[in-house]
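Reading through the structure tokens given below for one structure.
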Amino acid sequence: MAPSQAGYAPNLDKFLKSLKGQTLEASTESLIYLLKRKQVTGDECANATARMLLQVVAKSKWHDVDQLLARVQSTGSRLARAAPHEPVIGNIVRRVLGLIRDEATEDRNADEMSESVEDIQALSVPASPPPPRPHPGLIRTQTAGGSVVVSKSMFNLLSVADTADLPTTTSTPMSQAQPASVSTLRSEVIDGIEEIMDEISQADDQIATFADIQISPGDYVLVYQPTRTVEKFLVKAASKRRFTVFIAGIEPPHNGAAEAPYSALRKKLNAAGVHTICLASNGLMAYIPRINKVVINAKAVYQNGGLLVDSGSSIAALAAHAFSKPVIVLGGVFKFCPEDPSDQVKSGEQGSASSSVTYAEGAGVDALEVENTVTDYVPPELVDIYVTNLGPQTRHHLASILADHYKPEEMVLTMQLGDA
Amino acid sequence: MSGKGAKGGAAAAGKAKKAGKAGAGEEKREDVLQAVIIADSFQDRFKPFTLEKPRCLLPLVNIPAIEYALEFLASNGVQEVFIYCGAHSETIEKYIQDSPRWTPGGIISPFSSLDFIRVSDANSVGDFLRDLDTRGLISSDFILVHGDLVANLQLDDALAKHRARREANRDACMTMVLRSVAEGHRALEARVVTPIFVVEPSTGRCLQYEEMHPLQSDHYTILDPALFKFPEFELRSDLIDCGIDICTPEVLALWSESFDYELPRKNFLHGVLKDWELNGKLIYTEIVEEGYAARASNLPMYDCISKDILERWTFPYVPDSNMLHDQSYKRAKEGSGIEDGVSIARDSKVTKSVIGRNTKVEAGSSISRSVIGRRCQIGKNVRIENSYIWDGAIIGDDSVITRSILADSVTVGKNCRIPDGSLLSFGVHIGDEQHLVSSPSPRISLLTQDRHPVETDISVVGQDGKGAPYQERVEDYDEDEEDAGDTDPAVLQNSLIYSLAHLNLSSESISTLASEEHYDDDDDLGSQAGSLSAESRTRARLSSFASDDSAAAASKSDVFHSDAVHGLLDALRAEDSEDFDSAKLEFMGLRLANNASDSAMRRAIAVAFVKRASELLTAENGGLEPTKAAEETFTSKRGAVKFIKEVGVGGEGVAQQTEFALATQKALLGVRQLETTRAGVLLAAMLQQLYSLDILEEEGILAWWGDKRASESDTMNKVKEKCRVLVEWLENADEEESDEEDEDSD
């Protein structure tokens, strides 16, 4: 008999398995609808996006970097539009775009480095921060597809510089150079995306390694609806420290649920000698004075330090702030968005009405207007420490993390991406 | 019983075939989930809109309804889809072909195949499923849904349970997915008939199925006494039946065995459960407590589902998920969904509404709990509440629209009042200053029921208006959609408002209707009073009984009647066999099993033979003359004559003969296709035939002629009148005979 996991409903695993056999367009489309139907949500989005973009790089036909960038960007923005409340998708797209630019620049540099030192000196000029606008006509001759996109891409600037400014040095014409560089670029970008995927999958573990620094023996730690990241964090801390965990935001068990909520986590913690106490969400406030710190999981961290969190966590953060208790936020670097939260983010995503009131409620369905906000925005003032896979950070340090991971082009480019 | 033996044999053969197939396609069976969408409802509850557009393409919150059904299947990982279209099949096919997402064979379609099946002569869902059985497209379990389904359920659980039951017992052939809701829920109030499922709670097995509806005067249903053998059972009327069935291919075989089943619930489910001792098939229910499922099966349900979508019960199928490719809804404040390119004046107010692209709302207007399509123009100081306005409508300044549906391109002039329950069909124009009358709720269309343009009724739509009130003719057999007659319970709901006001619900009128129902043509369920028949028949008899025991007896005789009639008719229709003896045996068995009275038997036999005779009159069965038909009916099968004589008349006495003649007369009145005069001719022919076959004697016929009961009503009289010639001839013959006898004796 078919095991229980062999259900028919599509999900992330099935999607990933189907990637190989399907055309690019078909997989893009099926991921878009998985996102729209919320069959892929939360942290799964990051992985799915990376895998999807990997397919775009590997499978789609492209002859130069501009085409590749355009492909990645169009697929990326379609995914981002399908799930406007998952900013992680946009982050991954930005990272991949940045990666492609980096690799292309490296390629180019490596090529030219071997040819002449003069080239590099010449190149360093257009690469400087306020890039001089090249003549549009030149770009037109350059871009192979004949599109008149005036791109700010660094590579474009470089290649224009190659052919136009330094015609004598183009001993390797583009046409000949492409085949080799396309395939090397492809494999380099694929390697890069795989690195991003590794980063995503390892983020939780890496964050957990900082647990014992954050949690001291004897602490009373409040967590609100712990996610996998928070669970790992707590379990890791429990291996070295003795403390007490308050689990807040527990919903009444669903019909037919085999176990009480978070029972797996509680078993693990109890095994390590850490006590757990479950709180109904409305009882949270009463315990705040007793608590030392609050650990919450971020769905995304914005450039101003604000957070996108699952709804409810913001109450815990607010309460902790009111009592001057530190709020520790867990989130991998891939969750850091190089943008400010939009109004839509601040007002929160509306989820299904039926998760708070059942549809079977009879007359209630008519009488009630159910607004079920599934995400909250936590303003930066409420957050004290951001624990990333690169270590604990403060708000003031976020800008440098963003600068390390995103290129200025993408910051501009992808403003439209989440918005469109 | 021979009947049982034959059925068992067929089932065994079916299993053998299945097993063979399963061996070959084992791998396929595991992987591919198939689904069948019934995209025609054979009902006209959405008229006048469905004159121009099929029900499943009517917009439900600006998305054609069928999109929800397809998306539901895609979200459950269905791979192969078959769509059965009836009316408007070209429109539906074109829609799917043109849709970027579902185009069959398109690379982005989530389905590996999507096929349309057209059945030219289908009159019911039953015809579709019987057709599907003959095609052999279904290789394993499949999901049967309707084109107007909106659901966000995940079926994996139900599928796994269904499969487990099936592994345990081959006869577990179907699982119905039902949603339970509490009393007073709007989805319960919006439905036409109240389905009643008798469920064994421990296993979920469905034991009996009945339907009740407001036109019924007794508000109870009758349980099969066999139910009490089960240790426990639940009677549930709190279930939303959204028509999602997980079926095995055997279900199709069951449909094929019963040529006269039309409706999946009322006929098929009821019938199969009733006969489960014969067919041994088990049907289960999967009652879900979470998730959303409903069918836009009538206008109140349309209203209910639209509200549910607006209030996000159907999540993730909500406007801001933008399920269609070209949609760009965003959630705005006050719980609305607004698409790009909408312009709303600053001092107009939009609450809990959805507004499509390029719609313009001018100053001072207020829109609440409504759905506005694309490219609409809404003037100044307009008030729109609880209404559904489809694409391209123009609403003039100062108009008020409440609880109405305005189809595509409707124009409403300035300062109009469109009251609760109005339905304005495609392209209707309402002139300035028109206040539509609110009762009965206005239905205005440019087309008549036959799809001819109407003559504009200026008194209703105003000087520069277009359209006229839509009239529904009571009976219309030529229509390819369902001919729901005047007593389809859906009449209660031909507007958005649930109202019993305009129906005369006096109990007398219903019980007379019901007593005629005794002889009613059971096959003709879709038509006039058909949907009433089962319940009302029972009720009519109940009125004469007092105790519960006799109620049970009544239900038994009811069961006996329909079974007996079908059994006899089958035997009479059978072309390959000349023999009537097995039918007789079965009939006697049924009689014993149900302890049927002589009069019940007489009635059943009369109805069966009369039905056969009237069938022979129709064109598709040869269009015989009444005399020929009568002869054919009685003499084509060996043993039929003897059967009538021994069982039908049941004795030599004049009284019994009179009763049989009377039964025949009443049975003829019950056959609907027959006009009264023609029924009379047929009656004369049949009586003559019975006379010449020595079943009835002169005395019997003459006694019937003189019997008061034979001329109770006008129609009875009319039918009877046709036999005057025969009676006169009999009287003369009598005289002549006696004359002859006299002569002989001389």
* Asked: Looking at region A:323-363, which chymotrypsin sites (Phe, Trp or Tyr not before Pro) are DSSP coil and have at most 14 other C-beta atoms within 10 Å of their C-beta?
  -> A:Phe323
* Please work out whether region B:139-280 counts as rounded, prolate or oblate from its C-alpha gyration tensor, where a ≥ b ≥ c are the square roots of the eigenvalues and a/c under 1.5 means rounded, while otherwise a/b larger than b/c means prolate and anything else oblate? => rounded
* Structure fact -> Label model pair A:Tyr287, B:Ala593: point-to-point distance (7 angstrom along the Cα→beta-carbon line) in nm is 6.4 nm
* Structure fact -> Computed on Cα atoms only, the convex hull of region A:330-406 has an orientation-averaged projected area in nm² of 6.8 nm²
* Structure fact -> For B:Val288, the residues 5 or more places away or on another chain with a placed amide H closer than 5 Å to its own amide H are B:Leu178, B:Arg179, B:Ser180
* Asked: Once you charge only the Cβ atoms, +1 for Lys and Arg and -1 for Asp and Glu, what is the size of the charge dipole of region B:328-469 about its Cα centre, to the nearest 20 debye?
  -> 660 debye
* Computed lengthening from A:Lys59 to A:Asp212, 0.36 nm per intervening residue step minus Cα-Cα distance -> 50.7 nm
* Can you pull the mean other chain C-beta count within 10 Å for peptide B:94-107? -> 1
* To do: Kindly work out what percent of the DSSP beta bridges joining two residues of region B:32-299 are antiparallel, to the nearest 5.
  => 50 percent
* Structure fact -> Of all trypsin sites (Lys or Arg not before Pro) in region A:1-102, the ones in DSSP coil with at most 11 other Cβ atoms within 10 Å are A:Lys20, A:Lys61
* **Sparse-neighbourhood loop sites, GluC sites (Glu not before Pro) in region B:261-324 - DSSP loop, at most 15 other Cβ within 10 angstrom** => B:Glu289
* Inter-part distance where region B:352-385 and region B:207-266 are each reduced to a Cα centre, Å -> 44 Å
* **Net charge of neighbours whose Cβ lies under 11 Å from the Cβ of A:Met197, counting Lys and Arg as +1 and Asp and Glu as -1** => -3
* Asked: Residues with amide H under 5 Å of B:Asp457's amide H, sequence separation 5 or more or different chain, H placed in the peptide plane at 1.01 Å from N; which?
  -> B:Gly467, B:Ala468
* Asked: Does region B:32-299 come out rounded, prolate or oblate by the C-alpha gyration tensor, with a ≥ b ≥ c the root eigenvalues, rounded set by a/c under 1.5 and, if not, prolate when a/b is larger than b/c and oblate if not?
  -> prolate
* Asked: Expressed as a whole number of Å, what is the distance separating the alpha-carbon centroids of region B:274-342 and region B:627-646?
  -> 55 Å
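Every read-out reported here was derived from the displayed coordinates using simple, explicitly stated rules and does not represent laboratory data. Keep in mind the model is a prediction, meaning the values are calculated, not measured. Note that we place each Cβ from the backbone using ideal geometry, even for glycine, and neighbour counts take in every protein chain shown.
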